[in-house]
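*Asks:* Mind having a look at this structure? Questions to follow.
The values are calculated or read from the model by the stated rules, or taken from the named source; none is laboratory data. Quantities reported herein were computed from a predicted structural model and do not represent experimental measurements. Virtual Cβ from ideal backbone geometry, glycine too; neighbours counted across all protein chains shown. Areas reflect the complete protein model, heavy atoms only, side chains present, ligands, DNA and RNA absent. Shrake-Rupley method; radii C 1.70, N 1.55, O 1.52, S 1.80 Å.
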Amino acid sequence: MSNQPLDQIANQLRKSDEYRVIQKYQKPKGYNLDSNNDCDVNIENKHKNKNKNKSTNKLIGVYLDIEATGLLYSNDKLIELGMVKFEYTQDGRIFNLLEEFSGYQDPNIPISGFITKLTGINDDMVRGHSIDEDEVSEYLKDVEIIIAHNAQFDRAFFETTFPNIAPKAWACSMRDINWNDEDISSFKLEYIAYRYNFFFEGHRAIIDCLAGIHILSQELYNSKQLALKQLLDNAMQPRFKLWAQNAAYAHKDLLRTRQYRWDTHPAHGFKAWSIELPENQVEVEINYLKNEIYSSQMNILVDIFDAFSRFSLNNYVQQDNSKYTDKINWINGLQNAK
């Protein structure tokens, strides 16, 4: 309900360069509701009209958020799962907010005071609770894409907790939007919300999901794209992960400055600096590694992922690299070039 006196004060402050008004998030009825007639109203029948522009066919996405006892999926446990479905089109518009799914999971280990302070979740809240894998699978049945903020974290805990759910396409609202190019210097969800003039009580699964969807509905500051459109475009492109295996210790600062991360290869077990790139940056990076990091010929391992295998613990099992034979040959050519 609108508080008219406060709204009037806020409107006055917005007119001044001396103040910035940040409003508490209020769940909307939906987005672009006046554009519903431009899209298929019945999602289940979206394929019947073959002449309809595919970019305006409504699809169902889900924003997912997980709270856990810590950061390491190998040691820590999921304690809360939140998901919110929403309608969207490939041109980046979001429409109705749909069913929510929320549940606690007893980790059977104590929740630390730090996690309770961060999330508000304590041992009593989760004791005896269990999230049914079949219910989660049924909820996701009609979903085209799962979006999370830091999908590498969320997907790892999701797959560890629900190992039998068929893989879906995943996207990351932290990595699949070029926030730096939009002059947004921090990737934290709360900070991005602040830049879009709203705030929310973070670190609870459902509100984080709703805030994430709200951010995806916005127009990006510099590119003027809808945030969801840029995310979809980036997420659906093949991604290339380059491993600077056996790089000299003296080069660690160079690699870190270039956004490499120290990581363990899931299939081969070695530790090395790695970077994930879109296709149009691969050639430059291979040449950089050849000329600046290695003094002799070195075979650089490059993994290729798509939205179904990216961020997955099982990506080296799920990924069918035979469909990327031409890209693998291209990479081998780059590495062998003098």
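*Asks:* So for the pair D233, Q23, with labels modelled 7 Å out along Cα→Cβ, what separation do we get in nm?
*Replies:* 2.8
*Asks:* Above 22 angstrom, tally the Cα pairs of segment 49-199 and express them as a % of all pairs, no decimals.
*Replies:* When every Cα pair of segment 49-199 is considered, 48 percent fall beyond 22 Å.
*Asks:* Tell me, what is the per residue accessible area of the chain in Å², probe radius 1.4 Å?
*Replies:* Solvent-accessible surface per residue comes out at 54 Å².
*Asks:* Once phi is turned into θ = phi - 60°, what whole-Hz ³J(HN,Hα) does the Karplus curve with 6.51, -1.76 and 1.60 give for every residue of segment 107-124, x standing for Gly and Pro?
*Replies:* x, 6, 9, x, 8, 5, x, 5, 5, 4, 5, 6, 10, x, 9, 10, 4, 5
*Asks:* Karplus couplings for segment 229-234 from phi (6.51 cos²θ - 1.76 cosθ + 1.60, θ = phi - 60°), rounded to Hz, Gly and Pro as x?
*Replies:* 4, 5, 4, 4, 4, 6
*Asks:* Rounded to the nearest 10 degrees, what's the angle between the helix 205-216 long axis and the longest principal axis of the chain, both from Cα atoms, 0 to 90?
*Replies:* Taking Cα atoms only, the helix is inclined about 80 degrees.
*Asks:* In whole Å, what are the extents of the chain along the principal axes defined by its C-alpha atoms, from largest to smallest?
*Replies:* The Cα atoms of the chain stretch 70, 53, 50 Å along their principal axes.
*Asks:* By how many degrees, 0 to 90 and rounded to 10, does the Cα axis of helix 151-161 deviate from the longest principal axis of the chain?
*Replies:* 90
*Asks:* What's the FRET efficiency of H268 with S130 using the Cβ-Cβ distance as r and R₀ = 51 Å, to the nearest 0.05?
*Replies:* Once the sixth-power term is evaluated, E becomes 0.90.
*Asks:* Tell me, what HN-Hα J-couplings in whole Hz come from the Karplus equation 6.51 cos²θ - 1.76 cosθ + 1.60 at θ = phi - 60° for each residue of segment 95-102, using x for Gly and Pro?
*Replies:* Karplus-based 3J(HN,Hα) across segment 95-102 equals 10, 6, 7, 10, 5, 9, 10, 9 Hz.
*Asks:* How much length is gained if the chain between L71 and E190 is pulled fully straight, taking 0.36 nm per residue apart and subtracting their Cα-Cα distance, in nm to one decimal?
*Replies:* Between L71 and E190, full extension yields an extra 41.0 nm.
*Asks:* Post the alpha-carbon centroid distance, segment 259-295 to segment 199-221, in whole angstrom.
*Replies:* Their Cα centres are 32 Å away from one another.
*Asks:* Quick check on packing: order 271-279, 179-187 by the mean number of other C-beta atoms within 10 Å, highest mean leading.
*Replies:* Going by the mean number of other Cβ atoms within 10 Å, highest first, we get 271-279, 179-187.
*Asks:* Now a separate question. Quick query: amide H of L301 versus all other amide H atoms, modeled in the peptide plane; which residues come in under 5 Å with a sequence gap of 5 or more or a different chain?
*Replies:* Counting only residues 5 or more places away or on other chains, the set is W243, Q245.
*Asks:* Using only alpha carbon pairs under 8 Å that are at least six residues apart, calculate the relative contact order of the chain and give it in whole percent.
*Replies:* 15
*Asks:* Report the full-extension gain for the segment R258 to I9: residue separation times 0.36 nm, less the Cα-Cα distance, to one decimal in nm.
*Replies:* 85.0 nm
*Asks:* Given springs between every Cα pair under 10 Å in a Gaussian network model of the chain, which of Q12, Q225, Q281 has the largest fluctuation?
*Replies:* Q12
*Asks:* Once the Cα atoms of helix 4-14 and of the chain are each reduced to a long axis, what angle between those two axes, in degrees from 0 to 90 to the nearest 10, is obtained?
*Replies:* 40
*Asks:* Report the paramagnetic label zone for N336: residues of segment 250-284 whose backbone N is under 16 Å from a point 7 Å from Cα along the Cα-to-Cβ axis.
*Replies:* Output list for this probe position: empty.
*Asks:* Return the distance in nm (one decimal) between the two label points of a simple spin-label model at N222 and I109, each offset 7 Å from Cα along Cα→Cβ.
*Replies:* Here the answer is 4.1 nm between the modelled labels.
*Asks:* Right, another one. May I ask you to order 163-174, 208-219 by the average number of other C-beta atoms within 10 Å around their residues, highest value first?
*Replies:* 208-219, 163-174
*Asks:* For segment 252-338, just say rounded, prolate or oblate: build the C-alpha gyration tensor, square-root its eigenvalues into a ≥ b ≥ c, call rounded for a/c under 1.5, and beyond that prolate if a/b exceeds b/c, oblate if not.
*Replies:* Judged from the Cα gyration tensor, segment 252-338 comes out oblate (a/c at least 1.5, b/c at or above a/b).
*Asks:* Using the beta-carbon distance between N178 and E279 and R0 = 22 Å, what value does 1/(1 + (r/R0)^6) give for FRET efficiency, to the nearest 0.05?
*Replies:* 0.90
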